[in-house]
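The values are calculated or read from the model by the stated rules, or taken from the named source; none is laboratory data. Since this is a predicted model, take the numbers as computed values, not measurements. With ideal geometry, Cβ positions are generated from the backbone for all residues, glycine too; neighbour counts draw on all protein chains shown. These accessible areas exclude ligands, DNA and RNA; they are computed on the full protein's heavy atoms, side chains included. Shrake-Rupley method; radii C 1.70, N 1.55, O 1.52, S 1.80 Å.
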Amino acid sequence: MTFLRKKRVFALLLVGFLLVLFMNSSFIGRKLYPIYFEQEIKQSAAKHKVDPFLIAAIIRVETNYRHHLESKKGALGLMQLMPDTAEWIVQSTNLEPHAPEDLLKVDVNINLGSWYLSWLNKHYNGNLFYTIAAYNAGQGNVNKWKQNDIWDGSQANINQIPFGETRHYVSRVLYYYEKYTNLYSDRWGTEGSESSASVQNKEALD
């Protein structure tokens, strides 16, 4: 009898614990969608005035936070920067020179990648979707799509992007961007703010 009573108490405690977890959806969501290298992301986001959740979403899609990756094309590190792109970034700013292997360092890679995101965002006058697409396909391709009216840079018309890889890339980055914004805004001290994706979506509907 005592054994059965203990089992019943344990079962009730377990049910209660699970209910608390499910009521706290943010807790579960953060377990399912973790963000690593928070300090480096926050520092670079503040330095280059980029939404930290956009940086995190790019990293998630590019490498899933594996900082030693090198692609078949030679892109390096968390944000998969090409060495020539990194060299152009260094020459365009007052950032310190670095060796190609430094791109595998978390802080260096996130710093350069965040600067590049900021530059693309300014280049496309704050258009989030052009910015994300150009990070994947290059601004040369995106400029052609824009100038030749192939894609208008809206989320609604992502299916107009000629490259299947880039269509998929933009959709995945936006997915994680929204997830991170919803799950981490309160913890990162950005409660009440909306992601650029949400703002642009509302503007498109108005």
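Does the stretch 105-114 include one or more residues that are farther than 21 Å from F37 by Cβ and either of a type in the set (D, E) or crowded, with 17+ Cβ neighbours inside 10 Å (or both)? No, the stretch 105-114 contains no residue that is farther than 21 Å from F37 by Cβ and either of a type in the set (D, E) or crowded, with 17+ Cβ neighbours inside 10 Å (or both).
Filtered by the rule that a residue be open to solvent by 30 Å² or more (accessible area, probe 1.4 Å) and in contact (Cβ under 8 Å) with a residue 24 or more places away in the chain, the stretch 115-126 gives W115, W119, N121, G126. Would you mind stating whether N125 is in a loop (DSSP other than H, G, I, E, B) and either modelled with pLDDT under 95 or touching a strand residue (DSSP E or B) at 6+ places or on another chain (Cβ under 7 Å) (or both)? For N125, the condition - in a loop (DSSP other than H, G, I, E, B) and either modelled with pLDDT under 95 or touching a strand residue (DSSP E or B) at 6+ places or on another chain (Cβ under 7 Å) (or both) - is not met.
Of the residues making up the stretch 144-163, those that are free of Cβ contacts under 8 Å to residues at least 40 places away in the same chain and open to solvent by less than 40 Å² (accessible area, probe 1.4 Å) number 5. The set of residues in the stretch 82-128 being touching a His at 6+ places or on another chain (Cβ under 8 Å) and of a type in the set (G, A, S) consists of A86, S114, S118.
Residues of the stretch 53-104 being more than 25 Å from Y33 (Cβ to Cβ), hydroxyl-bearing (S, T, Y) and either touching a residue at least 24 places away in the same chain (Cβ under 8 Å) or crowded, with 19+ Cβ neighbours inside 10 Å (or both), which ones? Hits for the stretch 53-104 are T85, S92.
Does A137 qualify as being in contact with a helix residue (DSSP H, G or I) (Cβ under 6 Å, 6 or more places away or on another chain), over 19 Å from T166 (Cα atoms) and buried (at least 17 other Cβ atoms within 10 Å of the Cβ)?
No: the conditions fail for A137.
Considering only residues of the stretch 155-187 that are part of a loop (DSSP other than H, G, I, E, B) and of a type outside the set (D, E, K, R), which is nearest to K31 (Cα to Cα)? Per the stated criteria, the residue is S185.
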